[in-house]
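Worksheet: the structure to be examined is printed underneath.
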Amino acid sequence: MTATLARPATHTRVLVDTAVADDVAALRELYRAVYGDCYPLRLGTCPVAMADAMADPTVQWRVARDLATGEVVGSALLRMDMPLRIGKVEGIAVHPDHGGAGIAGSLLEALMEPAFGAEGPLESVYATARCVSPAPQRLLLRHGFHALGVLPGAVTLREVETLALLVRYRDGIPAHRRAPGTVPREVAPLLEAARGHGVDFDGLQVATELVAARARTDTDLEVSHDAGLVLDRYARATSGAARTLPLHRPNTLLMTADGRFEAYAVIDAVAGSGLLLDGCSSPEDPEEALGGVLRAMADRGASYIEAVLPLHDRNRIEQHLAHGFTPTALYPAMRREDGVWHDYLLLCHTSARVDADALDVDERFSPYVRQHSHVRTPVGPDPSDTVK
């Protein structure tokens, strides 16, 4: 069943309304016109996944139709995690022949207004935007999103590309956030960049000592991609605990033969990326197999691996830093527990080399880009109004 807009948004040239199954073929052609044959998301390439999303009440998919011809000339969707009250904007695309007419902005507001309205279900929405042109970043910035970091080598299209992270909040958020305490000094430049955009971190202290080197065990791991097994084990592993990360279900289980350590991940070999999720591990050394996890994920196509950790959890942050992760972005007030908002830190592990000088970003991302001035990456084509 497809949700409908109570009051469809209009534009001088287009009508914005709800995508339906009959739009799948036209939407695939739209994404092909914008990205060629390198679009990495199934919600733009796989007809079954697209039709399923349109029938999913936690997905809002809007299209822009040319008023004269009825042709689909724009698309955007919002995926929602209702328990965590977090959403993600994906797939904003406007046909190259219709750029510059404000269509992308109309699509975006058609998603944001009901999400943050009086009866809206969300507290925050995040999005990523390509860094080969400032246009997609500025689209989001114009519509209330805030610059919070860059993710080097986060996606593979025709080439490895860096993405910008942006977040928009419901009015009044963030507020009453937990003090992060002491953080490793490697995180300090990221926090200073966020402070420059008005994000306060009351009570924050930066550790002066170096992160201690930790022993790297060469742990052998068994890996399963069996969907039923992975989801069943993950449900048991996280039973009774609130999920940390929204909008993600694992497709990979990594575990030692004796069962003392298990980890869960999302691997997207097409996009060349992976995400570490919560799981269970040995109580004696909770990160004893982290090196093995990284190797196993890389062997299965995840050249970029991301972890999202509470900003106040210095121990886990240091463990990840010791294994080659880099702080890349912040998500202030990502979760609320017992009436208090908690900030989260995004870290990435990547072999990509990023040329920070070659990235084409809005000036509000410059402080975040400077953190990666030592790495290099190739620059891709110059799209307009496209948001991953």
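Every number in this text was worked out from the coordinates using simple rules, so none of it is lab data. All values reported here derive from a predicted model rather than from experimental measurement. Neighbour counts run over all protein chains shown; Cβ positions are idealised from the backbone, glycine included.
Here are the numbers:
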quantity: From phi via Karplus (6.51, -1.76, 1.60), per-residue ³J(HN,Hα) for region 156-169 in Hz, x at Gly/Pro; calculated: 10, 9, 6, 9, 5, 10, 9, 10, 9, 9, 9, 9, 10, 10
quantity: Residue-by-residue Karplus 3J(HN,Hα) for region 29-39, coefficients 6.51, -1.76, 1.60, Hz, glycine and proline x; calculated: 5, 4, 5, 5, 5, 7, 10, x, 9, 10, 5
quantity: Placed amide H near GLU71: partners under 5 Å, 5+ positions off or other chain; calculated: ASP66
quantity: Rounded, prolate or oblate (a/c below 1.5 giving rounded, otherwise prolate when a/b exceeds b/c) for region 99-217 by Cα gyration tensor; calculated: oblate
quantity: Built amide H within the under 5 Å cut-off of LEU277, gap 5+; calculated: TYR264, ALA265, VAL266
quantity: Computed E for SER366/ASP52 - FRET, C-beta separation, R0 30 angstrom, nearest 0.05; calculated: 0.15
quantity: Rounded to whole Hz, the Karplus (6.51, -1.76, 1.60) HN-Hα couplings of region 304-312, x for glycine and proline; calculated: 10, 10, 10, 10, 10, 10, x, 5, 7
quantity: Label-point separation, ARG170 to SER351 (7 Å along Cα→Cβ), nm; calculated: 4.4 nm
quantity: Nearest 10 degrees, 0 to 90: helix 103-116 Cα axis against the chain principal axis; calculated: 60 degrees
quantity: Rounded D (µm²/s) - the chain, Kirkwood Rh over Cα pairs, Stokes-Einstein at 25 °C, 0.890 mPa s; calculated: 113 µm²/s
quantity: Percent RCO, i.e. relative contact order, over the chain, from Cα pairs under 8 Å lying at least 6 residues apart; calculated: 17 percent
quantity: Estimated 222 nm signal from helices in the chain, with DSSP H stretches of n ≥ 4 weighted -39500 (n - 2.57), rounded to 500; calculated: -6000 deg cm²/dmol
quantity: Ranked packing of 220-228, 48-56, most packed first, by mean Cβ within 10 Å; calculated: 48-56, 220-228
quantity: Alpha-carbon Rg/Rh ratio, for region 9-169, with Rh computed the Kirkwood way; calculated: 0.93
quantity: Pairwise FRET efficiency - VAL340 versus ALA207, Cβ, R0 = 25 Å, nearest 0.05; calculated: 0.60
quantity: Backbone N under 16 Å from the LEU67 label point (7 Å along Cα→Cβ), restricted to region 14-37; calculated: 14-17
quantity: Other-chain or far-sequence residues with amide H under 5 Å of THR182's (modelled H); calculated: GLN205
quantity: Residues ARG295 and ASP258, FRET efficiency given R0 of 22 Å [Cβ-Cβ distance, rounded to 0.05]; calculated: 0.70
